[in-house]
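The values are calculated or read from the model by the stated rules, or taken from the named source; none is laboratory data. For clarity, every value in this text was computed on a predicted model and none was experimentally measured. Positions of Cβ are generated from backbone atoms using ideal geometry, with glycine treated the same way; all protein chains shown enter the neighbour counts.
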Amino acid sequence: RIPSRKILQDTCDAASAIDATAVIVHGGHADDNDLDAGFERWVKALASLKTDMPVYLENTAGGDHAMARHFDTIARLWDHIGDMGIGFCLDTCHAWAAGEALVDAVERIKAITGRIDLVHCNDSRDAAGSGADRHANFGTGQIDPQLLAAVVKAADAPVICETADEGRKDDIAFLREHID
């Protein structure tokens, strides 16, 4: 998986050049559900990385052998990489699509990682557990907007709304109104 490591290094170098805050990466997939091999690839990737640019692991929505879809797998991955300086990005749509309850998602992720560095706050077009990564503006999808605001408030981290341009200003205004 050297090409993946080179892409991560190149991405971190480019992010440093523009003074980005961090690079956000998905967890990837383990071949044939061989999670141990996937954990080892993560360790090698982070160990070979030469950068001061923070890297945040983001939970993912779907994939049968995804390394960061379900919180129990994230916990196992974090046991291998948590002391290697990696941060965490919690995506609400991804957690919903993975079938993870949002009501206590922040508490559970912080128990695993000790941190949430960024929240991607999005409604979901599809039902919980669907595995579908289809972001929606607040109130147009399946997640109660009040629950989204509660997640952001509990996380106490910067937030990005990855929703459609049309309606994003309303999403941001909603969060501002409900988390202060």
_Against the conditions (1) within 19 Å of residue 24 (Cβ to Cβ); (2) hydroxyl-bearing (Ser, Thr, Tyr); (3) more than 12 Å from the chain's Cα centre (by Cα), where does residue 56 fall short? Just the number, please._
(3)
*How many of the residues in region 108-128 are surrounded by fewer than 16 Cβ atoms within 10 Å (Cβ to Cβ) and in contact with a helix residue (DSSP H, G or I) (Cβ under 7 Å, 6 or more places away or on another chain)?*
1
_Please go through region 74-86 and give me each residue that is in contact with a Gly (Cβ under 8 Å, 6 or more places away or on another chain) and either outside any helix (DSSP H, G or I) or β-branched (Val, Ile, Thr) (or both), ordered by number._
74, 82
*If you take the residues of region 158-180 that are surrounded by fewer than 17 Cβ atoms within 10 Å (Cβ to Cβ) and touching a strand residue (DSSP E or B) at 6+ places or on another chain (Cβ under 7 Å), which of them is farthest from residue 118 (Cα to Cα)?*
162
*When you go through (1) closer than 30 Å to residue 31 by Cβ; (2) out of contact with any strand residue (DSSP E or B) (no Cβ under 7 Å at 6 or more places or on another chain); (3) surrounded by fewer than 21 Cβ atoms within 10 Å (Cβ to Cβ) one by one for residue 134, which number turns out not to apply?*
(2)
*Restricting to region 71-107, what's the tally of residues that are surrounded by 18 or more Cβ atoms within 10 Å (Cβ to Cβ), farther than 14 Å from residue 26 by Cα and among the small types (Gly, Ala, Ser)?*
2
*Test: residue 68 is surrounded by 19 or more Cβ atoms within 10 Å (Cβ to Cβ) and touching a Gly at 6+ places or on another chain (Cβ under 6 Å)*: yes
*Mind checking whether some residue in region 144-156 is among the hydrophobic types (A, V, I, L, M, F, W, C), at pLDDT below 95 and surrounded by 14 or more Cβ atoms within 10 Å (Cβ to Cβ)?*
no
*Name the single residue, out of those in region 8-42 being assigned to a helix (DSSP H, G or I), modelled with pLDDT under 95 and among the aliphatic types (A, V, I, L, M), that is surrounded by the fewest Cβ atoms within 10 Å (Cβ to Cβ).*
37
